[in-house]
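Student: Sending over a structure as structure tokens; questions will come in a sec.
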Amino acid sequence: MSSVGHESCGQVSTPSAAIELLETAAERRFRTLLRVLASGLVLAGLAYWLGPLVGPFRTLYRELPFVSNSVTKVTVLGICCLYVSGNVRDRMGLAAIVIAAHLVSVGAMLVALAFGKTNGTMSFGSLGVASVRTVLWGAVGLDGAITLVVVAFFILARRSQPAAAALPSTPAPELLVSEKRMRAFALFAAVVFALSGVGYELGGLLDSTRGLFQQWPFVTNSVVMSATFGMLWLYVARDIRRHLPLGGVAAGGLVLSVVVGLSYLTFLNTDFTRPFAGNQLDMTDVLWGMVVLHAVCALVFFVSYNATWKARFQLNFFRPVQYRALLAAAGVVIDGPAVVPPEEVAQSVERYAVKMTASRTWLYRMAMLGLQAHPVLYLKPPFSELSPRLRYEHIRTHFQKVKPTHNWLLNLPAVTIRMAQQLCFAAYYNDKRTWKAIGYVPFSERPDYDPARRATGPHPLTVERPDDVAEDVIETEICIIGTGAGGSILACQLAERGHHVLMLERGRYVEPRSFSEDEVEMISDLYGDGVMQQTEDFRFTVLQGSCVGGSTTVNNAVCFDPPAGVMARWNDPVIHDAGLDLDELSKSTGAVRRFLSVTTQHQGLNPSGQLYVDGAARLGLSPSLIQVAPVDANIRDCLGCGYCNIGCAYGAKLSMLETALPWVQKNFPDRVRIISECEVQRIRAVSGSPARATDLRATLSNGRRITVKADKFIVSAGTVASSYLLMQSGLGRGLPVGKHVSFNMGAPITAEFAEPLDAYAGLQISHYGLPRALNGFAFEVWWNPPVSQAENMPGWFGEHFNNMLRYKNMMGVGVIVGTAGNASIYKSPLGGPGVRYVPEQRDLATLSRGLTMLGEILFEAGAQRIMLNTWDLRGAQFTEKSQLDRIDAVVMKPAWMSLGTGHPQGGNALSRDPRRGVVGADFRVHGYENLYVCDASVFPSSLSVNPQLTTMTLAHYAAPRISA
Amino acid sequence: MTHITPIRVVGVLGFYAALYVVIRVTKKSVAPVEKKTFLWIATAWAVAVFIANYLLYLAGVMSFLPWVNNFMHTFIWIGFCQTWLYLGIRETESLPAQCLIFGILSLVVKYAEQRLFGTWQMDHFFFHWLHGNGAYVGGWSLLDASYPALTLVVARVVAKYVPGLVVT
């Protein structure tokens, strides 16, 4: 087990024994030589390719099929050298093939010199003419020298390698049918290419055929190409499971040959003939024949190749090349004595990915492809072909050590690595076998588990899934888009007033009895695309639920009254001019509190919360400077399962799914209809003064499109989706739609204690801290089940692994800062909404103050070590209070911090002034007769506290205005 | 040389009808709320292009279109069929895709009219910028591909003053 960064900040963990594969000096030198050789060979390939097309030596490259073979030969050899350089110890067999290919080259040329007609000449353009003999001898010298050098380095590297430990012999696993087929193909290909190599050599020696095989240097290149392919295929067939990726190299060479041949056919004059066996062969026909033959071989190979990988790994989501990258990443990012081997981690990721409901899961595929290809930019083999050590170095170089930036393009390599890491963590820590090691006990195995409280029967809510929807055109009185905090309260209020309401929800309807302890499954079911939402520069996560009940189904149910100071600012005619009746708003707050039974929590609290409370008291901050207490929440008789963020199966969290929606359907039957898995594409409106929304188009998850006509439309889809829907529909043009978006920006401190805390066994957010002076931040004690915590746990490689081993000794407290409204929503070129945000310096300064104060509290509480959430732990972990003054330096580099939010706000701000807001005091979109917005997107500025109660309050307040 | 005969007129109409069948795949019918929008767009394009075709002929950048061809092309093809197509794909296809579809269909129609009516015969595009009849037909088709973008922009402006239009 590698050392943990318990020492002072600045130390970075070294790879564990699992990854460490110390290269010997000789192996390192061999690796360097091979990379140099690979560069040279690839450049030579380029020169061969372009030679007939451009430049002064075009006359040299007359015999185009052989020139094409030359391109393939040197490029494939170059790629083989690259592959060896990626993992010298495991690829010595491939190195031997490279050496053998050079020996074949020397041999073929010597045979040509001895027995072939080499008295011809070759024209080098303006440089003059040289005899074929001279060129051949020169090539013999060059290839011979290369061979000798490579052999020397090979032998030295081989001798320096430690003797392989004698492993107990185990029977080789039975090959699958597709693998056997692949092996047969490889053997067949090996024989065919070997014979073709002989054929090329003989072709130049026989009188009847030598007319075609005139330029010996290119002919011998063709011999070597065939020999190399033959050896490669034989090597693949010898151990199909281990060497199959090399088949890709060979097939790639065939594809290259096709491309080169096509380029010659397109750009060169190939209308000439060559004598062959008494006939005149048209060069165009020869080239086309070669192109077609190689294309067919490559196609047959790739079909078989993909089928083999898919069968071996049961692939339905990832392509083989993407899966291999994932598998390679799994072997590195989980750096420690893993109880789940990388193969099983990757398999789990594949299984989970197939079930994911998010529409942007293609990003995972692209990320894995990007990860696989990225090393090639640096003249290395693909990621999966690197040794574990080199993979580790690659990730460190292009993630850990990279200068943080807000430029999305420069962040792409880091993003691919990050995604691979997150997928691997999700699979690893969702596996029960890891729980014992980290000290986690699932709720169903804890003493306070009460199976009687678990939801088992059908939920008292009627929700139509796509197959239940009979009509293509639905007419209703009021259509609400979204079933979250705002939409559900609105539905209740409007139904109570006699209206008929249709609610459309993009996410799934998951009944509480289906909520499980499987984090990955529940995240997929309840968050959809909301789990993958990040800002444009990939540095800030915007987490949102996507299911019936909206974010209330997956949030922590924390309730704060609308802050008086914020409400005053909203109403200030100079600042936002929201035009709210604050007295009535206050009454709405009370009504919502009563409706949802919002109470101060005293049951099922997070066990670590008291440490925080005590720390703040001992430091003298509480109660005079900070109000510290258990949270108010819409939770009743909490069992402390700790699964707030993946759905409460025990009826304790009184989300919209649990309360408002069943209540309204029970009390006002047939007035509220809910359709799930229904994504609204656009709302249509006719122009006018005011304009009028007429209908909307939506797509069900089964692909059917429906139209909904209504008298009124209310958009309650959440900050990001609401703004995006208006933009997508072309509505609110001229209004600041999608602008002035703000967040409760969150950054946790993870603290380690000597004693076990079992912070997972209780309310995820149980205590809060609110400075009495307007400091601009708040604290929330917070912890997660293993997968979510792994995604948020600071550290990389061994640090992360060892931090997770201390899971039960850790607690987390988050600082949330209400940000300025400098974020914006836009239409992403990739489809869907994009979020653009870079934290302002002022907000970061507030965050820094909050984190510093929090650090003091946690040390006072007895923490041995605290860590910030940064991309790299360097400089971000502290063991003493005196080190906390360095927090500022870390935080003020926002690209370095791992920031996020579950509380996006704004985008369709409330203001009576259409220049400053999208909706007026009646929540109607300016300029529209019957279009409303009512959710957190109407907040003119950030609340700085959890927004759900304010969202519901506004909905309650808005209902009579909308109803009128 | 142009040859406009009743049989050829029927032939061209039949060609339009065949394309219309394909266009209807994108949109089965024009919703009542869209009828006004349809009429505005169709009329604006038909009248404008009808006049423009003649003016451009006078300017020497277009070959002469006999009034029958001009009328059919502008009122039936552009006014009716293309407007229907536009309403069908404007919400489901990206703008570049819309332009591509319009450009391709425009090219096909022009060649059909050339074949049947003998029109669209010019050996250069726009003041000899590009030579050959292919350049002529292709160039004008490329300009026709701007229909969706132009309609989008102009419709938004007009919608500010004319009530009852459905614009994206």
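Every residue, every condition in (1) free of Cβ contacts under 8 Å to residues at least 12 places away in the same chain; (2) part of a helix (DSSP H, G or I); (3) within 14 Å of another protein chain (Cβ to nearest Cβ); (4) not small (Gly, Ala, Ser), yes or no:
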{"position": "B:ILE7", "(1), (2), (3), (4)": "yes, yes, no, yes"}
{"position": "B:VAL61", "(1), (2), (3), (4)": "no, no, no, yes"}
{"position": "B:PHE71", "(1), (2), (3), (4)": "no, yes, no, yes"}
{"position": "B:GLU91", "(1), (2), (3), (4)": "no, no, yes, yes"}
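Student: Restricting attention to segment B:109-120, which residues are in contact (Cβ under 8 Å) with a residue 60 or more places away in the chain and more than 12 Å from the chain's Cα centre (by Cα)?
Tutor: B:ALA112, B:GLU113, B:LEU116, B:PHE117, B:GLY118, B:THR119
Student: Looking at segment A:912-931, which of the residues that are open to solvent by less than 10 Å² (accessible area, probe 1.4 Å) and outside any loop (DSSP other than H, G, I, E, B) is nearest to A:LEU585 (Cα to Cα)?
Tutor: Filtering first and then ranking leaves A:VAL919.
Student: Shifting gears a bit: Residues in segment A:194-224 that are in contact with a Phe, Trp or Tyr (Cβ under 6 Å, 6 or more places away or on another chain) and under 22 Å from A:THR147 (Cβ atoms): how many?
Tutor: Qualifying residue count for the region: 5.
Student: Mind checking which residues of segment B:93-145 are within 14 Å of chain A (Cβ to nearest Cβ) and among the basic types (Lys, Arg)?
Tutor: Passing the criteria: none in range.
Student: Within the group A:VAL333, A:VAL339, which residue is modelled with pLDDT under 95 and surrounded by 18 or more Cβ atoms within 10 Å (Cβ to Cβ)?
Tutor: Only one candidate passes the filter, namely A:VAL333.
Student: Looking at segment A:734-756, can you tell me whether even one residue there is within 14 Å of chain B (Cβ to nearest Cβ), modelled with pLDDT under 95 and more than 26 Å from A:GLU880 (Cα to Cα)?
Tutor: yes
Student: A:SER937: in a loop (DSSP other than H, G, I, E, B), crowded, with 24+ Cβ neighbours inside 10 Å and in contact with a helix residue (DSSP H, G or I) (Cβ under 9 Å, 6 or more places away or on another chain), yes or no?
Tutor: Against the criterion (in a loop (DSSP other than H, G, I, E, B), crowded, with 24+ Cβ neighbours inside 10 Å and in contact with a helix residue (DSSP H, G or I) (Cβ under 9 Å, 6 or more places away or on another chain)), A:SER937 does not qualify.
Student: Quick check on my filter: what residues within segment B:9-40 are assigned to a loop (DSSP other than H, G, I, E, B) and either in contact with a Cys (Cβ under 9 Å, 6 or more places away or on another chain) or open to solvent by less than 70 Å² (accessible area, probe 1.4 Å) (or both)?
Tutor: Selection gives B:THR26, B:LYS27, B:VAL30, B:ALA31.
Student: Something else: With a cut-off of at least 2 residues that are within 14 Å of another protein chain (Cβ to nearest Cβ) and free of Cβ contacts under 8 Å to residues at least 24 places away in the same chain, name the strands (runs of 3 or more DSSP E) lying wholly within segment A:632-729.
Tutor: Filter on segment A:632-729 gives A:692-700.
Student: Within segment A:485-517, count every residue that is open to solvent by 10 Å² or more (accessible area, probe 1.4 Å) and either within 18 Å of A:ALA698 (Cα to Cα) or among the aromatic types (Phe, Trp, Tyr) (or both).
Tutor: Residues that pass the stated criteria total 4.
Student: Is one or more of the residues making up segment A:412-420 closer than 24 Å to A:GLY549 by Cβ, in contact (Cβ under 8 Å) with a residue 60 or more places away in the chain, in a helix (DSSP H, G or I) and open to solvent by less than 20 Å² (accessible area, probe 1.4 Å)?
Tutor: The answer is no; no qualifying residue exists.
Student: Shifting gears a bit: Pick from A:VAL720, A:VAL715, A:VAL708: which is under 26 Å from A:ARG508 (Cβ atoms), β-branched (Val, Ile, Thr) and surrounded by fewer than 24 Cβ atoms within 10 Å (Cβ to Cβ)?
Tutor: After applying the criteria, what remains is A:VAL708.
Student: Right, next: Which ones in segment A:940-958 are among the hydrophobic types (A, V, I, L, M, F, W, C) and outside any loop (DSSP other than H, G, I, E, B)?
Tutor: A:LEU949, A:MET952, A:LEU954, A:ALA955, A:ALA958
Student: Can you tell me how many residues in segment A:270-286 are assigned to a loop (DSSP other than H, G, I, E, B) and of a type in the set (Phe, Trp, Tyr)?
Tutor: 1
Student: A further question follows. Quick check on segment A:455-465. Is at least one of its residues in a helix (DSSP H, G or I) and open to solvent by 80 Å² or more (accessible area, probe 1.4 Å)?
Tutor: no
Student: Output the residues belonging to segment A:284-314 that are without any contact (Cβ under 8 Å) to a residue 40 or more places away in the chain and surrounded by 19 or more Cβ atoms within 10 Å (Cβ to Cβ).
Tutor: A:VAL291
Student: State all residues of segment A:558-617 that are within 37 Å of the chain's Cα centre (by Cα) and farther than 24 Å from A:CYS638 by Cβ; if no residue qualifies, say none.
Tutor: A:PRO562, A:PRO563, A:VAL566
Student: Here's another thing I want to ask about it. Output the residues belonging to segment A:356-378 that are assigned to a helix (DSSP H, G or I) and of a type in the set (D, E, K, R).
Tutor: Hit for segment A:356-378 is A:ARG365, nothing else.
Student: Within segment A:115-140, how many residues turn out to be out of contact with any Lys or Arg (no Cβ under 8 Å at 6 or more places or on another chain), assigned to a helix (DSSP H, G or I) and open to solvent by less than 40 Å² (accessible area, probe 1.4 Å)?
Tutor: So the count comes out to 5.
Student: Suppose we filter segment A:429-447 for residues that are assigned to a helix (DSSP H, G or I) and either in contact with a strand residue (DSSP E or B) (Cβ under 8 Å, 6 or more places away or on another chain) or open to solvent by 10 Å² or more (accessible area, probe 1.4 Å) (or both); how many remain?
Tutor: 7
Student: Give me the residue from segment B:151-162 that is open to solvent by 30 Å² or more (accessible area, probe 1.4 Å) and touching a helix residue (DSSP H, G or I) at 6+ places or on another chain (Cβ under 9 Å) and, out of that set, farthest from the other protein chains (Cβ to nearest Cβ).
Tutor: Only one residue fits best here, namely B:VAL154.
Student: Among the residues of segment A:698-717, is any touching a Gly at 6+ places or on another chain (Cβ under 9 Å) and not β-branched (Val, Ile, Thr)?
Tutor: Yes, the conditions are met somewhere in segment A:698-717.
Student: Hey, another quick one. Scan segment B:136-150 residue by residue and report those that are crowded, with 18+ Cβ neighbours inside 10 Å and either free of Cβ contacts under 8 Å to residues at least 12 places away in the same chain or within 10 Å of the chain's Cα centre (by Cα) (or both).
Tutor: Within segment B:136-150, B:SER141, B:ASP144, B:ALA145, B:TYR147 qualify.
Student: Which of the residues that make up segment A:40-59 are surrounded by fewer than 22 Cβ atoms within 10 Å (Cβ to Cβ) and more than 18 Å from A:MET225 (Cα to Cα)?
Tutor: A:LEU50, A:GLY51, A:LEU53, A:VAL54, A:GLY55, A:PRO56, A:PHE57, A:ARG58, A:THR59
Student: Keeping to segment A:227-263, report how many residues are farther than 15 Å from A:MET182 by Cβ and free of Cβ contacts under 8 Å to residues at least 60 places away in the same chain.
Tutor: Matching residues across segment A:227-263 total 5.
Student: Of all the residues that make up segment A:44-77, how many are among the small types (Gly, Ala, Ser) and under 21 Å from A:ALA295 (Cα atoms)?
Tutor: 3
The values are calculated or read from the model by the stated rules, or taken from the named source; none is laboratory data. This one's a predicted model, so the numbers in the text were calculated from it and none came from an experiment. All Cβ positions, glycine included, derive from the backbone under ideal geometry; neighbour counts span all protein chains shown. Please note that ligands, DNA and RNA were not included when accessible areas were found on the heavy atoms of the full protein model with its side chains. Shrake-Rupley method; radii C 1.70, N 1.55, O 1.52, S 1.80 Å.
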